[in-house]
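*Asks:* Provided herewith is a single structure, encoded as structure tokens, for subsequent inquiry.
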Amino acid sequence: LLNKKGYYSAGARMINGGLDLEIKNGKNDQNGSGVFVFGDGPVGINHNIKYLGNDIDVSKLKNISSLVWVIKGDLNIDPSVTEISGTFIVLGDGTPCDDGVEFNCGRFISGASGSQLKINGTVIAKKFVLERTYSTNSEPAELFINDGRLKVNPPAGLQNFSTNLPKFTY
């Protein structure tokens, strides 16, 4: 449960070192949004990150879970991960992503694997390194699903940011 809080961690980190991470909706007056900021180094994800619960059951829009990950470095997804959720803003450390020395420049790296990676949310990065080789006739190796959570329940400090995102309709 995030309850509109922000968290900061300096240095290189593994987000969920041993277990799948399940993000809960808020209840009653609890807000389901929050922000994690990781500074000064790459961040790795080695287990699934999922929104938990049925959003149809929430009583207020502010109860819908909406997590933003801000990363000053690269984001590396382990090949064993099949699902991540949230808004990922991969800023990098200021290093250009086109000079051949691209460590920590702001890359979203999906991790070479034969399985599909499903991303529930939005990814903003300087460079995408999509390495999955999963193939079927109907689905991509990396499946990006913009679920609209950031627009519906933006975390503190990101209300103006969320209004500038495109609106996707069917």
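The values are calculated or read from the model by the stated rules, or taken from the named source; none is laboratory data. Since the structure is predicted, the reported quantities are computational estimates derived from the model, not experimental observations. Note that each Cβ is placed from the backbone with ideal geometry, even for glycine, and that neighbours are counted across all protein chains shown. Surface accessibility is based on the protein's heavy atoms, side chains included, excluding ligands, DNA and RNA. Shrake-Rupley method; radii C 1.70, N 1.55, O 1.52, S 1.80 Å.
*Asks:* In the chain, if the dipole is taken from +1 on Lys/Arg beta carbons and -1 on Asp/Glu beta carbons about the Cα centre, which of G157, S59, S33 is farthest to the positive end?
*Replies:* Among G157, S59, S33, the one farthest towards the positive end of the dipole of the chain is S59.
*Asks:* Follow-up. Under the classification rounded if a/c is under 1.5, otherwise prolate if a/b is larger than b/c and oblate if not, where does region 1-82 fall, given a ≥ b ≥ c as square roots of the Cα gyration tensor eigenvalues?
*Replies:* oblate
*Asks:* Tell me the carbon and sulfur percent of the accessible area for the chain, rounded to whole percent, probe radius 1.4 Å.
*Replies:* Solvent-exposed carbon and sulfur of the chain make up 54 percent of the total.
*Asks:* May I pose another question? In the chain, how does Rg compare with the Kirkwood Rh, expressed as the Rg/Rh ratio over alpha carbon atoms?
*Replies:* 0.96
*Asks:* Further, regarding this structure: Roughly what % of DSSP beta bridges within the chain run antiparallel, to the nearest 5?
*Replies:* Bridges in the chain that DSSP calls antiparallel: roughly 0 percent.
*Asks:* Anyone know which of G26, G114, G100 comes out most mobile in the 10 Å Cα GNM of the chain?
*Replies:* Of G26, G114, G100, the Gaussian network model singles out G100 as fluctuating most.
*Asks:* Please list 3J(HN,Hα) in residue order for region 75-84, calculated via the Karplus relation 6.51 cos²θ - 1.76 cosθ + 1.60 where θ = phi - 60°; whole Hz, with x for glycine and proline.
*Replies:* 10, 10, 9, 5, x, 7, 6, 10, 8, 10
*Asks:* Can you sort F108, F128 by 1.4 Å-probe accessible area, starting with the largest?
*Replies:* F128, F108
*Asks:* For n ≥ 4 DSSP H runs only, could you compute -39500 (n - 2.57) per run for the chain, divide by its residues and tell me the 222 nm figure to the nearest 500?
*Replies:* -1000 deg cm²/dmol
*Asks:* Given axes a ≥ b ≥ c from the Cα gyration tensor, I'd like to know whether region 86-163 is rounded (a/c under 1.5), prolate (a/b larger than b/c) or oblate.
*Replies:* oblate
*Asks:* Right, another one. Which residue, E102, E22, E139, tops the fluctuation ranking in a GNM of the chain built on C-alpha contacts under 10 Å?
*Replies:* Of E102, E22, E139, the Gaussian network model singles out E139 as fluctuating most.
*Asks:* So for the pair M14, D29, with labels modelled 7 Å out along Cα→Cβ, what separation do we get in nm?
*Replies:* Reported label-point gap for M14 and D29 is 4.0 nm.
*Asks:* Taking only protein heavy atoms and a 1.4 Å probe, what accessible area per residue, in Å², does region 1-156 have with all protein chains in place?
*Replies:* That works out to 48 Å² for each residue.
*Asks:* Next question, about the same structure. What does the C-alpha gyration tensor say about the overall shape of region 27-122? Classify as rounded when a/c is under 1.5, otherwise prolate if a/b is larger than b/c, or oblate.
*Replies:* It comes out oblate by the Cα gyration axes.
*Asks:* If a paramagnetic tag sat 7 Å from the Cα of A156 along the Cα-Cβ line, which residues of region 24-51 would have the backbone N under 20 Å from that point?
*Replies:* 24-39
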